[in-house]
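Below is one structure; the comments refer to it alone.
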Amino acid sequence: MRADSDIQHDAELEIRYDPAIESRDIGVSVRNRIVTLTGFVRSFTERHQAEQDVKRVAGVAAIANELQVRLPSADRRPDSELAQEAVLALVSQVPFLSGVTPIVHDGEVTLEGEVEWRFQKDRAEEVVRRLRGVRSVTNLIRVKPRLPPEGIKAQIERALVRDAEIDAASIVVETEGGKVILKGIVRTLSEKEEAERAAWQAPGVTAVDNRLLVGDPALLP
């Protein structure tokens, strides 16, 4: 079990040496392995990137991202203009997407609608997050697969083995119809998130219950 001070030190280094982030206005504190990010950044992309950096740090159990987005005046845009660009970006950059509506208020974007694949939901959020002038993204897109949940367990297990970022031997996959349950121990929050992403990519998955713990896989019985 890593000390909070060690986690804080590594988290600060990850953020400080990320060229995509202006880190001087970001504060990092750690208590009981829970990392809290405070201060402000200049784009929603920076806010998200800071969180992703911390997820890679060993020993982090959870993250409270309290970073505020303060857009430079040159990046502030009318909601109507931002909404139109969001629609065009979604159509051009998300495969087979239809039925998703971006709702914009004061630079805050809410995505609503239904998709067949989890990767479409994730990709839609990623595309909108990168648009200039976005202050936040709330992803309310529902995933409703059309394919039957056949062989889900085997497909996910094979996907975990193929993924170089995951120690598949420390993860147990269980299924209940279209619901997937992940159990075991992984090394980082980033690995936990990657395992869940792999599970969502299997056809027929309707829900993922990610019970993976962050720790030392050597502790598994």
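What follows draws every value from the coordinates through simple rules; no lab data is involved. Keep in mind the model is a prediction, meaning the values are calculated, not measured. Heads up, the Cβs are rebuilt from the backbone with ideal geometry, glycines too, and the neighbour counts pull from every protein chain shown.
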Report, for segment 152-219, the % of DSSP beta bridges that are antiparallel, rounded to 5. 50 percent
The alpha-carbon center of segment 5-47 and that of segment 93-166 are separated, in whole Å, by 26 Å
What list of ³J(HN,Hα) values in whole Hz, one per residue of segment 132-145 in order, does the Karplus curve 6.51 cos²θ - 1.76 cosθ + 1.60 (θ = phi - 60°) give from phi, with Gly and Pro shown as x? 5, x, 7, 9, 6, 9, 10, 9, 9, 5, 9, 9, 10, x
If amide hydrogens are placed 1.01 Å from N in the peptide plane, which non-local residues have theirs closer than 5 Å to the one on residue 213? 184, 185, 186
How would you rank 132-141, 119-128, highest first, on the average number of other Cβ atoms within 10 Å across their residues? 119-128, 132-141
When the helices in the chain are scored as -39500 (n - 2.57) per DSSP H run of 4 or longer and the sum is shared across all residues, what 222 nm value do you end up with, to the nearest 500 deg cm²/dmol? -10500 deg cm²/dmol
Using 0.36 nm times the number of residues separating residue 73 and residue 16, minus their current alpha carbon distance, what extension gain do you get? 18.1 nm
Can you order the peptides 37-49, 11-23, 176-188 by their average number of other Cβ atoms within 10 Å per residue, highest first? 37-49, 176-188, 11-23
With no solvent and one equal point scatterer placed on each C-alpha of the chain, evaluate the Debye formula and give log10 I(q)/I(0) for q = 0.07, 0.11, 0.17 Å⁻¹, two decimals. -0.26, -0.64, -1.26
Only Lys, Arg, Asp and Glu count, each charged at its Cβ (+1, +1, -1, -1), so figure out the dipole size of the chain about its Cα centre, rounded to 20 debye. 220 debye
Relative contact order of segment 31-129, please, whole-number percent, based on alpha carbon pairs below 8 angstrom and at least 6 residues apart. 24 percent
Computed label-point distance, nm, for sites residue 25 and residue 193 using a 7 Å Cα→Cβ extension: 2.2 nm
Each label point is 7 Å from the Cα along the Cα-to-Cβ direction; what then is the distance between the points at residue 52 and residue 5, in nm? 3.2 nm
Counting only DSSP beta bridges with both residues in the chain, tell me the antiparallel percent, nearest 5. 50 percent
On a straight-distance basis, which lysines could pair with residue 153 in a cross-link, Cα separation under 24 angstrom, same-chain partners fewer than 8 positions away excluded? 121, 144, 179, 183, 192
Percent RCO, i.e. relative contact order, over segment 74-143, from Cα pairs under 8 Å lying at least 6 residues apart: 35 percent
For segment 1-56, what relative contact order do you get, as a whole percent, if you take Cα pairs closer than 8 Å and at least 6 residues apart? 35 percent
